[in-house]
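Step one of this worksheet: look at the structure below.
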Amino acid sequence: MTASETRSLFAVASRPEVVSLAGGMPNISGLPLDVVGSLTSELVAKRGMTALQYGSGQGDPRLREQICEVMRPTGINAHPDDVTVTVGSQQALDLLTRIFIDPGDVILAEAPSYVVALGTFRSYQADIVHVEMDDQGLIPDRLREAIAAVRAAGKSTKYLYTIPSYHNPAGVTQPPERRAAVLEICREADVLIVEDDPYGLLGFDGEVPRAIRADDAEQVVYVGSFSKTFAPGFRVGWALAPHAVREKLVLASENSILCPPSFSQLAVSDYLAGHDWMAQVKDFREMYRERRDAMLEALDDLMPAGAHWTRPSGGFYVWLTLPEGIDAKAMLPRAVTNRVAYVPGTAFFADGFGSRSMRLSYCYPTPERIREGVRRLAQVIEQEMELRATFGAWSAAQRPGLDAPAPDQS
Ligand SMILES: Cc1ncc(COP(=O)(O)O)c(C=O)c1O
């Protein structure tokens, strides 16, 4: 396990004068805290003996039924027996890696991919092989090639880790035809898919993309979370897995934590049962859409020529690729001095690529702060471009796909 190289900078980045476009903290300012407060105090007063006690290793049965309802908009028709409640979806990713991975086994992951999942995979000594994506997500042909290359190298691909909807960090969404192709390729090669879907309900046009798991209950483990649709502080997520995997998940979870916290599970369960949670999700969507609009508008207005970026239709993130010759990690200290922060692209790759890119998140700051942050960022990039013009270009091998030079969008 290693700490991120940019971790120390984030202490500085959290100062109030810095506009942080770095963190991915859900913006829970719209949550009805009075409702949550009264449901939690009622929970303790009326069912404290259960809520404050150990519970089942697989998770509370009523919550598992409700999770099946929560997944329904994604097209998934599941049985509560196949759901394992976890401490956030992060624990589900950890348990799945523990179950499947021996040191040196291959996990395929999009290029770029979710930074903390990569950390988990590394901590079990997985060999992470990135698969190219474009603005429509993972590219099926590249997946086929990657599986063949791993096989030719005499290694075993344990699973594909993918975030098809409102990707973190790339901000792109895979269309249905590609999802079908990915599923078909994985079926043929007998590669399990771990579908991570914390943002699926947060699409700005209100449409929920059909999950890959909706079309195959055996080849896919689906991982979900209440962190973005309710509150991350409860730390409740889940995995929906084929029977044999589910049994191992429960065992691994019991060995690790005994059981997920009863209090959090019952609080989430009461919230789902007694509150119009879908209306709350709709409010979240509208709030995030307003922030996405602010970011795209600011990027369109202010970014210098040569930079390009994705245009997310849901979720929290934009993936920005800098004009040629500029290194996002080397630029970060200067950006923080100019009171704006982002996460350099290299954090999202296991293989050192991504140096020309960065993740910008729009979930937390107000629209005005987002515009100000983009203004400061554009200024820093322009200064870098001037330096480059004076002292010559920094250069690095670029991965094809999202990071490749694209037509000028500014
Ligand atoms: C893609 C993805 N997966 C998993 C998680 C973990 O979420 P949690 O453990 O809060 O459910 C996150 C959090 O940001 C995420 O972006």
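The values are calculated or read from the model by the stated rules, or taken from the named source; none is laboratory data. Note that the coordinates shown come from a computational prediction; the quantities given were computed from them, not determined experimentally. Cβ coordinates were reconstructed from backbone atoms using ideal geometry, including for glycine residues, and neighbour counts include every protein chain displayed.
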Flag for Arg235 being within 22 Å of the chain's Cα centre (by Cα) and on the phi > 0 side of the Ramachandran plot
yes
Return the only residue of Leu39, Leu31, Leu63, Leu52 being within 16 Å of the ligand (Cβ to nearest atom) and more than 22 Å from the chain's Cα centre (by Cα).
Leu63
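Answer yes or no as to whether Ala78 is assigned by the TED database to the domain that holds Lys329, outside any helix (DSSP H, G or I) and in contact with a helix residue (DSSP H, G or I) (Cβ under 9 Å, 6 or more places away or on another chain).
Values: assigned by the TED database to the domain that holds Lys329: no; outside any helix (DSSP H, G or I): yes; in contact with a helix residue (DSSP H, G or I) (Cβ under 9 Å, 6 or more places away or on another chain): yes.
So Ala78 fails the test.
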Specify the residue that is nearest to Phe284 (Cα to Cα); the eligible residues are those in the range 196-220 that are in contact with a Leu (Cβ under 9 Å, 6 or more places away or on another chain) and buried (at least 24 other Cβ atoms within 10 Å of the Cβ).
Asp196
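Test Arg311 against the stated conditions and say whether it is assigned to a loop (DSSP other than H, G, I, E, B) and modelled with pLDDT of 95 or more. Even if it seems obvious, please write down each step before you answer.
Details: assigned to a loop (DSSP other than H, G, I, E, B): yes; modelled with pLDDT of 95 or more: yes.
So Arg311 passes the test.
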Subset of the range 181-205 (residues that are assigned to a loop (DSSP other than H, G, I, E, B), away from the ligand (no atom under 14 Å from the Cβ) and closer than 19 Å to Asn168 by Cα)
Phe204, Asp205
Do you know which residues across the range 99-120 are surrounded by 22 or more Cβ atoms within 10 Å (Cβ to Cβ) and within 16 Å of the ligand (Cβ to nearest atom)?
Ile107, Leu108, Ala109, Glu110, Ala111, Pro112, Ser113, Tyr114, Ala117, Thr120
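Filter the range 24-53 for residues that are surrounded by 16 or more Cβ atoms within 10 Å (Cβ to Cβ) and either at pLDDT below 90 or part of a loop (DSSP other than H, G, I, E, B) (or both) and give the result.
Here is the first cut: in the range 24-53, the residues surrounded by 16 or more Cβ atoms within 10 Å (Cβ to Cβ) are 24, 26-28, 31, 36, 39-40, 43, 51.
Gly24, Pro26, Asn27, Leu31 - these are the residues of the range 24-53 that are surrounded by 16 or more Cβ atoms within 10 Å (Cβ to Cβ) and either at pLDDT below 90 or part of a loop (DSSP other than H, G, I, E, B) (or both).
Restricting to the range 234-250, count the residues that are in contact (Cβ under 8 Å) with a residue 40 or more places away in the chain and either more than 26 Å from Pro175 (Cβ to Cβ) or within 12 Å of the ligand (Cβ to nearest atom) (or both). Spell out how you get there, then give the answer.
Start the filter on the range 234-250 by keeping residues that are in contact (Cβ under 8 Å) with a residue 40 or more places away in the chain, which leaves 235-243, 245-246, 248-250.
Next, only the ones that are either more than 26 Å from Pro175 (Cβ to Cβ) or within 12 Å of the ligand (Cβ to nearest atom) (or both) stay: 235-239, 243, 245-246, 248-250.
Qualifying residue count, the range 234-250: 11.
From the list Asp82, Asp141, which one is away from the ligand (no atom under 16 Å from the Cβ), out of contact with any Ser or Thr (no Cβ under 7 Å at 6 or more places or on another chain) and within 23 Å of Phe234 (Cβ to Cβ)? Quick ask: steps written out before the conclusion?
Numbers: Asp141 fails: within 23 Å of Phe234 (Cβ to Cβ).
That would be Asp82, the only listed residue that is away from the ligand (no atom under 16 Å from the Cβ), out of contact with any Ser or Thr (no Cβ under 7 Å at 6 or more places or on another chain) and within 23 Å of Phe234 (Cβ to Cβ).
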Report yes if Val150 is among the β-branched types (Val, Ile, Thr), surrounded by 24 or more Cβ atoms within 10 Å (Cβ to Cβ) and either part of a helix (DSSP H, G or I) or more than 16 Å from the ligand (Cβ to nearest atom) (or both), otherwise no.
no
